[in-house]
Amino acid sequence: MAKNKVEFVCRECGYTSLKWTGCCPECGNWNTFDEEVTDKFNKAKSSANFVQPKILKEIDFDSELRYDTGIDELNVLFGGGIVKGSISLIGGDPGIGKSTLLLQICSNLANDNKILYVSGEESSKQLKLRANRLQIDSENLFILPESDMDSVVSSIKNIKPDIVMIDSIQTMNLSEISSASGSVTQVRECTYVLQKIAKERDISIILVGHVNKEGNIAGPKILEHIVDVVLYFEGESKFSFRILRVVKNRFGSTNEIAVFEMLKQGLKSVNNPSAVLLNERPNGVSGSCVCSIMEGTRPILAEVQSLVTKSGFGMPRRMCKGFDYNRMSLIIAVLEKRAGYFFGTLDCYINVVGGIKLDDPAADLAVALSLISSLRDKPLDDGLIAFGEIGLAGEIRSVVGVEKIVVEAKKLGFNKIIVPSNCMKNISKVPESVKIIAVDNIKSVISMVFNV
Ligand SMILES: Nc1ncnc2c1ncn2[C@@H]1O[C@H](COP(=O)(O)OP(=O)(O)OP(=O)(O)O)[C@@H](O)[C@H]1O
Ligand SMILES: [Mg+2]
Ligand SMILES: [Zn+2]
């Protein structure tokens, strides 16, 4: 018998070490090492049988390759529907709506396909309760409250479903592995088992993954490498908005998002997110500026709010919600050096309304303008929107998707659009009653907007 080897595995990144260490040399996290017993030798040996490679030309290919989830926005994220035989991962914070989405997908797919829903977290009754709320009832939907992988595998062999949902991968457990459910080894090995079944039997599998405090899927990054598609839920569970983002897709673009609203009947796609995000915008208040960023192939307009106040302590406070902290520091530095506005003794707070995250540099200009607006206590024009990346020299750099942004802004009633001058060539037609203002450096934008 091969001797079992004891090693220590980092829960966050999957780094292995023969000795226990407090701090992971790979990802720098503390106290993340778990002891795990592996029998690597056996595994390597068992997988060493020969398989004849096939000629590409001779591989069978059937045209009915994708499942329609019944939710158009979701189909787009999957690149046109869930690919048959693929394995996908949906991650997100606790309570954000992962199980809800899964059950909704089930309801649509169960019309023509057999589905097995494995829940390691909830009992059949709890699932039924949710299904009732979502008004889902189907004869093709099988519920299995189970966390033991062996029984899951035998159920799959028995029921022969087309699609399998695993809620969640962290609760699944392979009995031959001694470490606890949710540990790196368990998560990884369970995923391998499922991946093998998916490819062998042409079953599509969707996994739910929990995220850790950094917002990554708990367990190693390796999970993201094994699966074909990775979708992340973003948003605050206190807000009703949920953004589903593609992080990886072997069968489609990773440039897409879908916006949903959480209602009693489940997640409903929001067709015009910008209108909803700007719904409660106060008029004539300083520190508010609307920006536009491209989320994948579509523009999203959102309100950035800043509050700049005198600091009560020696060390000014800086806080960001929905915007990158370091990016804010950079913008403040540029405003000090290139435009002559000083924030040294001032607290700065930035908030992006609606729980959405702006991680596109196109939001820079709106952040800068909202900061100056609050600093000077001068409201911006209500019909104004601004976008553009700010460079270290104070220059306003071009961004993508300008034409679409202009159309969207006009649709939502904005009539003054500040755009980087280098983008002007990309605007073929300026809509009626809209004034486009081309700008190329931060100092001139500020003097133009605030008449100084
Ligand atoms: N009656 C209801 N009306 C509106 N929203 C509800 C209702 N019941 C539940 N919800 C929403 O559903 C969310 C929980 O959804 P769900 O159980 O799908 O999340 P999850 O991501 O699977 O959570 P977990 O990580 O705990 O498994 C709640 O946060 C709440 O927003
Ligand atoms: Mg759940
Ligand atoms: Zn690590």
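Going by the alpha-carbon gyration tensor, a ≥ b ≥ c the square roots of its eigenvalues, is the chain rounded (a/c under 1.5) or, if a/c is not under 1.5, prolate (a/b greater than b/c) versus oblate? Prolate, since a/c reaches 1.5 and a/b exceeds b/c.
Taking a Cβ cut-off of under 12 Å around ILE169, the surrounding Lys, Arg, Asp and Glu residues balance to a net charge of -2, with basic ones at +1 and acidic ones at -1. Candidates ASN140, SER17, VAL334 compared by Cα position along the dipole of the chain: farthest toward the positive end lies VAL334, with charges placed on Cβ. Here the Karplus curve 6.51 cos²θ - 1.76 cosθ + 1.60, taken at θ = phi - 60°, turns the phi angles of segment 396-408 into couplings of 9, 9, 6, 10, 8, x, 4, 4, 5, 5, 4, 5, 5 Hz, with x standing for Gly and Pro.
Across segment 143-158, computed HN-Hα scalar couplings (Karplus, 6.51 cos²θ - 1.76 cosθ + 1.60, θ = phi - 60°) run 10, 10, x, 7, 10, 7, 4, 4, 5, 4, 5, 5, 4, 4, 5, 6 Hz from first to last residue, x flagging Gly and Pro.
Here the label points at GLU336 and MET424, each 7 Å from Cα along the C-beta direction, are separated by 3.3 nm in the simple model.
Can you give the local net charge around ASN132? Use residues other than it whose beta-carbon is closer than 15 angstrom to its beta-carbon, Lys and Arg +1, Asp and Glu -1.
After counting each charged neighbour, the total is +3.
Sequentially through segment 253-270, phi angles give Karplus couplings (6.51, -1.76, 1.60; θ = phi - 60°) of 6, 9, 9, 10, 9, 10, 10, 10, 10, 8, 10, 4, 7, x, 7, 10, 6, 9 Hz, Gly and Pro residues having no value and appearing as x. Calculate, in whole percent, how much of the Cα-Cα pair population of segment 62-271 lies beyond 20 Å. Of all Cα-Cα distances in segment 62-271, 54 percent exceed 20 Å.
Does segment 276-449 come out rounded, prolate or oblate, given a ≥ b ≥ c as the square roots of the eigenvalues of its C-alpha gyration tensor, rounded meaning a/c under 1.5 and, failing that, prolate meaning a/b above b/c? Prolate, because a/c is 1.5 or more and a/b exceeds b/c.
Given their separation in residues at 0.36 nm each and the Cα-Cα distance between them, ASP202 and GLU432 gain 77.5 nm when the chain is fully extended. Taking Cβ atoms as reference points and 11 Å as the exclusive limit, the residues near GLU236 contribute a net charge of +2, counting Lys and Arg as +1 and Asp and Glu as -1.
From its DSSP helices (H runs of at least four residues, each -39,500 (n - 2.57)), the chain gives a residue-normalised ellipticity at 222 nm of -8000 deg cm²/dmol.
All of the numbers you see were taken from the coordinates with simple rules; none came from a lab. Because the structure is a prediction, the values reported are computed rather than measured. Reconstructed Cβ throughout: ideal geometry from the backbone, glycine too, with neighbour counts over all protein chains shown.
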